[in-house]
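The values are calculated or read from the model by the stated rules, or taken from the named source; none is laboratory data. This is a predicted model, so every value here is computed, not measured. Cβ placement follows ideal geometry from the backbone for every residue including glycine, while neighbour counts extend to all protein chains displayed. Areas reflect the complete protein model, heavy atoms only, side chains present, ligands, DNA and RNA absent. Shrake-Rupley method; radii C 1.70, N 1.55, O 1.52, S 1.80 Å.
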Amino acid sequence: MRVKVLSRNPDDYVRETKLDLQRVPRNYDPALHPFEVAREYTRALNATKLERVFAKPFLSSLDGHRDGVNCMAKHPKSLSTVLSGACDGEVKIWNLTRRQCIRTIQAHEGFVRGMCARFCGTSFFTVGDDKTVKQWKMESPEYGEEEEPIHTILGKTVYTGIDHHWKEPVFATCGHQVDIWDEQRTSPKCSLTWGFDSISSVKFNPIETYLLGSCASDRNIVLYDMRKSTPLKKVILNMRTNTLCWNPMEAFIFTAANEDYNLYTFDMRFLESPVMVHMDHVSAVLDVDYSPTGKEFVSASFDKSIRIFPVDKGHSREVYHTKRMQHVITVKWTSDNKYILCGSDEMNIRLWKANASEKLGVLAPREKAAMNYNQKLKEKFQFHPQIRRIAQHRHLPKSIYCQIKEQRIMREARRRKYVFLFIPSHPNPILSYPCSATVAAVYGSGRAPLSI
Amino acid sequence: MLWAVVAPPAPCPANLRRPRRARAVPESPGTPSEAGTVVSVPRSLPGPPRSPPVLPPRRRTRCHATRTSQERALRQGARARRDTRWRFAAVPACGAMAEEEDLAAAAAGSGSESEEGEDGERRHRQLLEAISALSGRKRRKLAERSEASGQVSEFNVTCKGAGEKLVLSELLQPIHPKSTLGSVRKELARVKRKAAVELPLSKEEAKRVVREAAYVTTSKDVGKWQQVVLQNRRAEQLVFPLRQDIATVTPLERATSAWKARTPLEQEIFGLLHKTQQPITDPLLTAEEMASVQAMSLEEARHRRAELQKARAVQSYYEAKARRAKRIKSKKYHRMLKKSRRRQALKEFEQLHKSDPAAALARLEELEQLRMQERMSLKHQSKGKWARSRAIMAKYDLEARKAMQEQLARNKELMQKVRVEPPEEEPCELPEGDTPALPVPTGASAANPWMLGKPNGPATEPEAQEGPRDDTVPDAVENKDEMEEEELSEEEALLQDFEQKRRERTGILQGHSEEHGADETEPGAEQPRDSPVPPACSEELGDSPVPSVCAEELVSAGLELPPQAQEQLLLSEQLHHVQTMEDMENLAKEEFVEEQEKLVAPRAGKQAQQQEAGRAGDRHTKKTTTKRKMISLEAVLDGKPQEMDCPSLPVVLEEEEGGMEQRGMITEAFAGDDVVADFRREKRKAEEAAKPRPVNLVLPGWGEWGGTGLKPSTRKIKRFLIKPPPAPPRKDRHLPHVILSEKRNIHAAAHQVSELPFPFEQHQQFEQSMRTPVGSTWNTQRAFQKLTAPRVITRTGHIIQPISAEDVPDTAPGSGARLGGEAMPGRKAVLRGKAVPKGKAVPKGKAVEGKAAGGKAQPQHRRAR
């Protein structure tokens, strides 16, 4: 005999918590729920407004340095630890959860030019104006021990930057040339030169770890291969590049922070022209760091602001500034993709949220669902003028605002002149205006003429 | 010297493809290199960077000039090559006389073997001519032929190919047949075979070459990520960190193993801890605890624990059961329980009687005592305060009535005499009416209803009052009723009184049946039954009849309708009338309303309203007719100037010769369609559509009867049919040939997307994307989750490492097969096109590497030295 039994899934009628409303079976007949576009539009509008209302990105300021913060480094194994070096040669290690300095070292005389942590997180390296490379323990010294570096290497010239290999006990410094060092030795494993200019920064590729990129003050970016101990190719730009950063998810993509207020994203296989030019800053871009997801990067500029750019967009999606923040010299995106740290001239390190309106802390599942829904709605209705107007509105200090306007005028004038001079009969002069990013990508060392 | 290599522009025979030298053409540094043309940069100059393939426009003119010179050089080269071809054709035929042959060929313009016979004559003639020339006034010195020359014309002018350098093989040709010169030839061949050692490249250049090769291989290496990168960029959702490893928690002991007390404070604390023998490594148990644990054997402990567990389980089970039983509200259940308890008690008593008569007697005594107490106190009678209040309430409240009945039952029960006499004596007790209903359910008596006690259970009475069992009542019972009536206790009398009163209230009209029903109730048909009817049932029976009777009454007694119903009925009729014929009904309605509402309704208002409605209807019809007339008039009026208003067409036609004819033709051709009238119609339609429409807010059935065949009153229609204010005059009212649409809403336009946003290619796509809702209001939970899934998911507090080969899902670690499998060709193509500049010098040795790396990326032109 067959017994027919009604069976129901408890998920359909059991509520999540006692305080919830009873769950009721829904009827999804569209006739019963009219005006879906209008309703969703309203929701999107509200979500956008709320996003703007809750956009409070600034979390805290870590003060304690006695001079401008010149460089920072992330701890590879601990999210709560960050290292910073100042212009007076002081290195501080911070605990981000407590927002406290947990250790201070007088590392160098003069600037701390660069610092990097070893891939295992047990020690870190600093270079300074005193022509030394020092290796330090990450842990604070035990009771009775003195604060001393593990190793000190005395070089012949000033080192301006340092970066550690991602997997091997090898690090690279830059100054007059790019030196690659074995941790165990006091002389470089090999020195890579191409031209005789001072090199301001060197970075290892995080994915293809034998690759290095450096930027020199003779306006070029040079790529090196550590295995063959040879430079590969160089790109000459219009102006000097201050730093570059490799994309941690895309092996051949890197972004260069340039003096001409722009950032250039290059594909290292096709260096003839940049993949994307990111412009919004109104002064020299001093530092750039990728988000660990490789979808965005943050840039620090001399114009006292930091901006967040999507990798595939030419303009920034966010700009952070405060009244007290001066020229931002260094910036880092934390490894959990949540926060941004920037060190500036006025001796502070600031902690920002990477997503300005994000709610911190654990979210309930329903809260999360609502957040996702709002996000989707914002995405869906992003082209609607009212929503776009709200979503895009940002406050800027007057100086930046005025400079942006001024530069818009200048750019327009330059374009008009170009069109007037060279392509009088072009049907669409705006499109014909060339991107004046790359001057040349060369193997040779010859100087190329300036492009327009 | 500057040399350039000429590569053949067109495919030519294999034997001709060898390096030829042509005079170099001075080349500007900005010359674009073209495939297969002369391109080689002067060696001595430092290599300038290659100019981009597309030149900036400023350089174009200059470039043009250089190109012409270059073309000239090309043409020259081609001519030279043609000459060599001729020569090659001739040489094998002539053998030793090659020079003369060439000479002759050059003079004739084409060398041919057929003319071999006439060669002597010709040469002779030439000689003569030369001699005559010598003798003439143009005495020119013949060029001395000191060495073998390719072409020397008889006019002492060097031929086109004269500039070419001699090739060793050409010199050797004549030697070929002669065996004596074989050794020389061999030696020469050997010399020729020996490749000259190339000059080492300059340091700068060597570095450049190395760089280039390294760059090619490296970018190829990196290119293997292409596919992964594209996949990640396109991915709907990315979850970071890519490698989800489970965090392991290191035990505290291991974490602290390396730790040592160093500071004085730490050492002090450590010392204290050690002094008290606190466990450090295994923090679970102290020494004493360990000792106590060891004191009790494991087996014993287990046994004890099991016992305890069992006891606890049993206890909890009983507790739960008791709680459950306590919570049961069913009266039936409780009654049953009580009965079973009673039965149990009885049984026990019986047993006691058998086993221990003395104890049984004592028990009996006890019961007797109880009875006495009851009789003395009369606790359970209707004299108490509570009972009185109940008695008052019983009039209205069924519950109270029931409670009273219960109390009476209890009273009776307590007052019963407990008897231990044999059952034979029971019948004699019957007339007394004191027989116990409950404690005597013995087998014999249960079967016989007459054997039981007095059948006047008050609980049964109300049910039976209006029950449908009237007919089943035996006649014999009635007599008995009369007999027993006096025996009713006063409580029962009271109750019955209530009942009667109630019945009087409810059923006044059923005068005759009243007493009868009252009588019928007394002999409960259920008497023989042992158990009383459950209260729920009694409730049903008690309550339901009243409203039903009322309804019946209302229906049946048509004469005495309440005034409300009458009014409604009339109204409905009226409405019905309206439905059929309008004018007539209107009038009729008016009269009817006049008649009807003389007393009650505000007659005049309604009348006025209806009249108005009628008038409105009239007006409406009139309006339509007038409107129609107007329109037709307009059409007529517009129709006339129609030909006059647009005279452009006819005028032009008239100017022509056959104007009339053409006009006729056109009218013939477009005989069917009247464009102007069509337009007019269209415009009228647009005007109509743009007119504001009245809003109908009439809700049928509100404040009046509704239903099929009913129509809301005109008053209501008038009130709730909201007429909008007239629209502002149309902008095109003075433009007969123009329709200006005024549909566009400027206020709405501010909220709308004005142009198609980027990723969309068609309006429909965008609209579709807008139209599909995402929210959970319109989608099922799962669809909602899927639709709103975020692009990037990160886990809080997790470090996201850069991607590595192990993270790529399809790749086995180390194999790298998936990484960039298909990415190669595309990348290669790009490399060929872009990365390796053409015309860059790559020496032979390095070129091999280039070939291996980049396929055809190897430059085609090599420098000859």
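Looking at A:T97, A:T104, A:T126, just one residue is touching a residue at least 40 places away in the same chain (Cβ under 8 Å) and either outside any strand (DSSP E or B) or under 16 Å from A:M347 (Cα atoms) (or both), and that residue is A:T104.
Matching residues to (1) at pLDDT 95 or above; (2) surrounded by 13 or more Cβ atoms within 10 Å (Cβ to Cβ):
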{"residue": "A:K131", "(1), (2)": "no, yes"}
{"residue": "A:E139", "(1), (2)": "no, no"}
{"residue": "A:E148", "(1), (2)": "no, no"}
{"residue": "A:D163", "(1), (2)": "yes, yes"}
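Taken over the range A:28-65, the criterion of being of a type outside the set (A, V, I, L, M) and open to solvent by less than 30 Å² (accessible area, probe 1.4 Å) is satisfied by A:H33, A:E40, A:T48, A:P57, A:S60, A:H65. Which of the residues that make up the range B:763-788 are over 9 Å from the mean Cα position of the chain (by Cα), more than 7 Å from chain A (Cβ to nearest Cβ) and of a type in the set (A, V, I, L, M, F, W, C)? B:F766, the sole residue that qualifies.
Restricting the first member to the range A:165-176 and to residues that are away from every other protein chain (no Cβ under 14 Å), and the second to residues that are in a loop (DSSP other than H, G, I, E, B), the beta-carbon pairs closer than 6 Å and six or more apart or on different chains are A:P169/A:E183; A:T173/A:Y159; A:C174/A:T160; A:G175/A:T157; A:G175/A:V158; A:G175/A:Y159; A:G175/A:T160; A:H176/A:T157.
Among the residues making up the range A:377-408, a single one is among the small types (G, A, S) and open to solvent by less than 60 Å² (accessible area, probe 1.4 Å): A:A391.
Looking only at residues in the range A:207-226 that are under 14 Å from A:V178 (Cα atoms) and not in a strand (DSSP E or B), the one that is nearest to the other protein chains (Cβ to nearest Cβ) is A:Y210.
Every residue, every condition in (1) assigned to a helix (DSSP H, G or I); (2) within 11 Å of chain B (Cβ to nearest Cβ); (3) more than 24 Å from the chain's Cα centre (by Cα), yes or no:
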residue	(1), (2), (3)
A:P34	no, yes, yes
A:L45	yes, yes, yes
A:K49	yes, no, yes
A:R52	yes, no, no
A:K56	no, no, no
A:L59	no, no, no
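Okay, residues lined up against (1) of a type in the set (A, V, I, L, M); (2) out of contact with any Phe, Trp or Tyr (no Cβ under 9 Å at 6 or more places or on another chain); (3) in a loop (DSSP other than H, G, I, E, B):
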{"position": "A:W352", "(1), (2), (3)": "no, no, no"}
{"position": "A:A356", "(1), (2), (3)": "yes, no, yes"}
{"position": "A:L360", "(1), (2), (3)": "yes, yes, yes"}
{"position": "A:Y373", "(1), (2), (3)": "no, no, no"}
{"position": "A:K376", "(1), (2), (3)": "no, yes, no"}
{"position": "A:R388", "(1), (2), (3)": "no, no, no"}
{"position": "A:R394", "(1), (2), (3)": "no, yes, yes"}
{"position": "A:M410", "(1), (2), (3)": "yes, yes, no"}
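If you check A:P141 against the conditions, is it without any contact (Cβ under 8 Å) to a residue 12 or more places away in the chain and farther than 27 Å from A:D267 by Cβ? Answer is yes for this residue. Among the residues that make up the range A:369-391, is at least one of them free of Cβ contacts under 8 Å to residues at least 24 places away in the same chain, within 9 Å of another protein chain (Cβ to nearest Cβ) and farther than 30 Å from B:H763 by Cα? Yes, the conditions are met somewhere in the range A:369-391. State whether one or more residues within the range A:226-242 are within 17 Å of the chain's Cα centre (by Cα) and at pLDDT 90 or above. Yes - at least one qualifying residue is present in the range A:226-242. Can you spot a residue in the range B:699-722 that is over 30 Å from A:F381 (Cβ atoms), aliphatic (A, V, I, L, M), touching a residue at least 60 places away in the same chain (Cβ under 8 Å) and in a loop (DSSP other than H, G, I, E, B)? Within the range B:699-722, one or more residues are over 30 Å from A:F381 (Cβ atoms), aliphatic (A, V, I, L, M), touching a residue at least 60 places away in the same chain (Cβ under 8 Å) and in a loop (DSSP other than H, G, I, E, B).
Counting residues in the range A:71-92 that are open to solvent by less than 50 Å² (accessible area, probe 1.4 Å), outside any loop (DSSP other than H, G, I, E, B) and either of a type in the set (D, E) or more than 30 Å from A:D163 (Cβ to Cβ) (or both) gives one or more.
For the range A:186-201, check the following and say yes or no: at least one residue is crowded, with 21+ Cβ neighbours inside 10 Å and at the interface with chain B (Cβ under 9 Å from one of its Cβ atoms). Among the residues of the range A:186-201, at least one is crowded, with 21+ Cβ neighbours inside 10 Å and at the interface with chain B (Cβ under 9 Å from one of its Cβ atoms), which makes the answer yes. Applying the condition of being within 10 Å of chain B (Cβ to nearest Cβ), touching a helix residue (DSSP H, G or I) at 6+ places or on another chain (Cβ under 9 Å) and not aliphatic (A, V, I, L, M) to the range A:268-294 and asking which residue is surrounded by the most Cβ atoms within 10 Å (Cβ to Cβ) yields A:G294. Listed here are the helices (runs of 4 or more DSSP H) enclosed by the range B:203-286 that have at least 1 residues being more than 12 Å from chain A (Cβ to nearest Cβ) and modelled with pLDDT under 90: B:252-256, B:264-275.
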